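Trainee: Okay, here's the structure, questions in a sec.
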């Protein structure tokens, strides 16, 4: 028993050290692109492509961590959280493009409007459970995107319609660096919020709802208020990511502000890393987004399969991605954080237990 505990501590220590080194490199490497570093002949460790990929990874960390609050901690598998991303993007975008607000003044309204919308639709939606709630939340995500595209005012599309919304190009120095660190700050906020939730009375109430909602109600937990608050908190974080994305991308429309695939990706990221944990969704977002970029050929290092044409490559990449995710769900159902933390070890008995836990 003591030997097992020591082994687990060693695994966790090694995992933290490796994670800290990777995080430090990711945060410090972009600084080599500054003019002062270039003039000092510091080797360039991050180019524009790296900035874009790293900013996307930080954005998905925010979304996966936000989903984890309602899906992992509360136990309500929401499939429409991309609606909050789009609402945050369009809130900031409209204030900048139409009201001529500066970006930093418009950004705080993105999480506020997304949270208010989540609280409004959450009151009826969160009365549903299981697959009924999942399907209903997916419907909300699709419906909001359609409404934003088709609402007219005075015979003109209010939010840009099918043509989308173009934001004024900002004059921010070192633009890629600015939005990268801004999205990283949003990711840090989302992780800090999750840490607070898991150590607060509010979080204990959410965990009680996840384990047994009826028992939680009997114990005095206001389940409706707790669920709506968790839904609104998840929406606020997701809306914050959308608000940053709008100015970073300069152009938003239904396709990039309400992409249906984001619903699935943020859930898979949380599952891959470990739902209900502080760092699990962040780890899952990093791994899955790097894998998507690798299979898509975006990274400088990519794969090459014989007898596979360039047009068939995306399909093969999706198949490989699906098989890998199935393997993770079967072999490591509690996520990579649990596995590399030393709490889970592959064995025949562990595989049998995992199959029992993941089967109906």
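Trainee: What is the ratio of the Cα radius of gyration of the range 48-273 to 2.2 N^0.38 Å, where N is its residue count, to two decimals?
Mentor: Details: Rg = 17.4 Å, N = 226, 2.2 N^0.38 = 17.3 Å.
For the range 48-273, the normalised Cα radius of gyration comes out at 1.01.
Trainee: Next question, about the same structure. Roughly how far apart, in whole Å, are the Cα centres of the range 213-230 and the range 129-197?
Mentor: For the range 213-230 versus the range 129-197, the Cα centre distance is 29 Å.
Trainee: Now for a separate question. Could you give the Stokes-Einstein D for the range 88-141 in µm² per second, using the C-alpha Kirkwood radius, 25 °C, 0.890 mPa s?
Mentor: Once the numbers are plugged in, D ends up at 196 µm²/s.
Trainee: Based on the Cα coordinates of the range 247-293, what is the per residue volume of their convex hull in Å³?
Mentor: It comes to 94 Å³ per residue, whole-number rounded.
Trainee: To continue, here is another question. How large is the convex hull of the Cα atoms of the range 53-104 per residue, expressed in Å³ as a whole number?
Mentor: Here the figure is 96 Å³ per residue.
Trainee: Going by C-beta contacts inside 10 Å, put 33, 137, 190 in order with the fewest on the left. Numbers along the way, then the final one.
Mentor: On the way: 33 19, 137 25, 190 28.
If I rank by nearby Cβ atoms, fewest first, I get 33, 137, 190.
Trainee: Summarise the long-distance tail of P(r) for the range 197-236 by giving the % of C-alpha pairs beyond 14 Å.
Mentor: 39 percent
Trainee: Report the relative contact order of the range 33-122, percent, no decimals, based on alpha-carbon pairs under 8 angstrom and at least 6 residues apart.
Mentor: 18 percent
Trainee: Between residue 319 and residue 171, what is the label-point separation in nm under the 7 Å Cα-to-beta-carbon projection?
Mentor: About 5.4 nm, to one decimal.
Trainee: Using the number of other C-beta atoms within 10 angstrom as an exposure proxy, rank 183, 94, 266 with the fewest first.
Mentor: In increasing order of surrounding Cβ atoms, one gets 94, 183, 266.
Trainee: What base-10 log of the normalised intensity I(q)/I(0) is obtained for the range 129-245 from the Debye formula, alpha carbons as equal point scatterers, at q = 0.19, 0.23 Å⁻¹?
Mentor: Log-scaled intensity ratios, in q order: -1.12, -1.27.
Trainee: Based on the inverse mean of 1/r over its pairs of different Cα atoms, what is the Kirkwood hydrodynamic radius of the range 36-145, in Å?
Mentor: Radius from the Kirkwood sum: 16.3 Å.
Trainee: For a footprinting-style exposure proxy, rank 76, 132, 90, 56 by other Cβ within 10 Å, fewest first.
Mentor: Going from sparsest to densest Cβ surroundings: 132, 56, 76, 90.
Trainee: Here is a further query. When only Cα pairs under 8 Å and 6 or more residues apart are kept, what is the percent relative contact order across the range 48-273?
Mentor: Relative contact order for the range 48-273 comes out at 44 percent.
Values in this text are rule-based calculations from the coordinates and carry no lab data. As the structure is a prediction and not an experimental result, all values here were calculated from the model. Cβ: placed from backbone, ideal geometry, glycine included. Neighbour counts: every protein chain shown.
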